[in-house]
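These notes are about the structure you will find just below.
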Amino acid sequence: MTYTSSLAEALAPDILDRFQRYVRVETTSDPSTGVTPSTPGQFDLCRLLVGELAEIGLEDASMDEHGFVFATLPGGGPVVGLLAHVDTTPEVPGAGVEPIVHRAYDGGAIALPREGTMLDPGAMPVLASKVGHDIVTASGDTLLGADDKAGIAEIMAAVAHLAAHPELPRPTLRIGFTPDEEIGEGANVFDIERFGARCAYTLDGSQPGELQDESFSAIAVTVTFHGVDVHPGSADGILVNAAKLAGRFLAALPSDLSPETTADRAGYVHPYDVEAATARARVKLIARDFDDELLDQHVALLRRLAEEAVASEPRARLEFDVKRQYSNMRRHLEAFPEVVERAAQAIRGEGLDVVRVPIRGGTDGSILSARGLPTPNLFTGGHEYHSKREWASVQDMASAAATVVRLAEAWAVD
Ligand SMILES: [Zn+2]
């Protein structure tokens, strides 16, 4: 018995059925297209979801021209939102996903049929803790897409259950399935007013019990070095090599302020893309911290190091571009303590301990909370996101859906 409740056990078959259907639809997002949704495959899943919401009985289910699916399950109390994103990361292939269900996991290594992909419990302690669970994986050559189709399946199963049991207490629930979370775009286009909820929850986390009301604050920095290009045969005293200036800058980045050397509440700066030639070199970086002041200090440090890299070369020119991406949601959630409290109540109601780990990343909720819709994040039961080893536990997905049903009860009275 690995289910947290009989409710979770009752919801599991519907969740698994939906999940396997959703992950087969290719919804990889693409940061280069400049439109919303960034890829047409996201429309396919959204259309499927509109049809299924209508089948459940949510008569107003519809999709707008940007691929946002909104629907309402009427009830008493305030209007509370449930959100999940339809896209998957562009970093890992997401076409042709073939889910495999490994029933009653025995604790050993799971070998996937393609590309020799292996889930090794020795290197994956969370997987090792799921003996007896039904584990869903992809087939080795794609991601699974539990991020965030587990969240979608859980919301759908919970809403279907509530729709079929009108006697169960619930507020008015607004369902939102959104495009382009993975490229940080969807939440900027999200129509908060039309959604019309007082608060919302993303289902986009991992381990059972997770309730996240803190995310990184995030800034993207692009540093461009302009040199002086000339034929190297006659370059004496003329040539200024931008690639070397960029190299100097990269070498000066402090090693103790890197993602590979920091954890928990420590922030970092991270160069992730370098394009360097003699005339021009461009370094793209991200800066992250839970503390906005420290984040600004990291960016100031980057600026100083870039200036130092060109200081000895007056003919070089520097461009330093800063773009705020999202901010720690905590600051925006503090004014609405009941939003986190009622989620904690629902998690405990499902027999789980509340796990409050800050997200070393952002969610749609980071952007939405800053834009005025308080939106903490809940667990989904998926793991090893953005990899071909991605997996999800059916039992944990069922706990998440059951938690949503309990969350509805927690909000039934204002
Ligand atoms: Zn996600």
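The values are calculated or read from the model by the stated rules, or taken from the named source; none is laboratory data. Owing to the predicted nature of the structure, the values given are computational and were not obtained by experimental measurement. Backbone-built Cβ (ideal geometry, glycine too); neighbour counts: all protein chains shown. Keep in mind that these areas ignore ligands, DNA and RNA; they rest on the heavy atoms of the full protein, side chains included. Shrake-Rupley method; radii C 1.70, N 1.55, O 1.52, S 1.80 Å.
The helices (runs of 4 or more DSSP H) found wholly in the stretch 319-414 and carrying at least 1 residues that are within 16 Å of the ligand (Cβ to nearest atom) and small (Gly, Ala, Ser) occupy 364-370, 394-410.
Go through the stretch 293-325 and count every residue that is of a type in the set (D, E, K, R), closer than 30 Å to Glu181 by Cβ and either modelled with pLDDT under 95 or out of contact with any Ser or Thr (no Cβ under 6 Å at 6 or more places or on another chain) (or both).
5
Residue count for the stretch 1-36 under the criterion of being buried (at least 19 other Cβ atoms within 10 Å of the Cβ) and closer than 15 Å to Asp87 by Cα: the result is 9.
For the stretch 73-87, indicate whether the set of residues that are open to solvent by 10 Å² or more (accessible area, probe 1.4 Å) and of a type in the set (D, E, K, R) is non-empty. No, because not a single residue in the stretch 73-87 is open to solvent by 10 Å² or more (accessible area, probe 1.4 Å) and of a type in the set (D, E, K, R). Within the option set Pro113, Pro121, being crowded, with 17+ Cβ neighbours inside 10 Å, away from the ligand (no atom under 16 Å from the Cβ) and assigned to a loop (DSSP other than H, G, I, E, B) holds for one residue only, Pro121.
The set of residues from the stretch 356-414 being within 24 Å of Ala287 (Cβ to Cβ), among the charged types (D, E, K, R) and open to solvent by 30 Å² or more (accessible area, probe 1.4 Å) comprises Arg360, Arg371.
Out of all the residues in the stretch 168-186, is one or more assigned to a helix (DSSP H, G or I) and within 16 Å of the ligand (Cβ to nearest atom)? Walk me through how you get there before you give the answer.
To start, the set of residues in the stretch 168-186 that are assigned to a helix (DSSP H, G or I) comprises 186.
From what's left, within 16 Å of the ligand (Cβ to nearest atom): 186.
For the stretch 168-186, residues assigned to a helix (DSSP H, G or I) and within 16 Å of the ligand (Cβ to nearest atom): present.
Might you let me know whether the stretch 126-139 holds any residue that is without any contact (Cβ under 8 Å) to a residue 12 or more places away in the chain, more than 16 Å from the ligand (Cβ to nearest atom) and assigned to a loop (DSSP other than H, G, I, E, B)? Yes; the residues of the stretch 126-139 include at least one that is without any contact (Cβ under 8 Å) to a residue 12 or more places away in the chain, more than 16 Å from the ligand (Cβ to nearest atom) and assigned to a loop (DSSP other than H, G, I, E, B). Do we find a residue being open to solvent by less than 30 Å² (accessible area, probe 1.4 Å), modelled with pLDDT of 95 or more and in contact with a Pro (Cβ under 6 Å, 6 or more places away or on another chain) anywhere in the stretch 42-50? Within the stretch 42-50 (the criterion being open to solvent by less than 30 Å² (accessible area, probe 1.4 Å), modelled with pLDDT of 95 or more and in contact with a Pro (Cβ under 6 Å, 6 or more places away or on another chain)), the answer is yes, since at least one residue qualifies.
Between Ile183, Ile192, the distinction of being modelled with pLDDT of 95 or more, out of contact with any strand residue (DSSP E or B) (no Cβ under 8 Å at 6 or more places or on another chain) and among the β-branched types (Val, Ile, Thr) belongs to Ile192 only.
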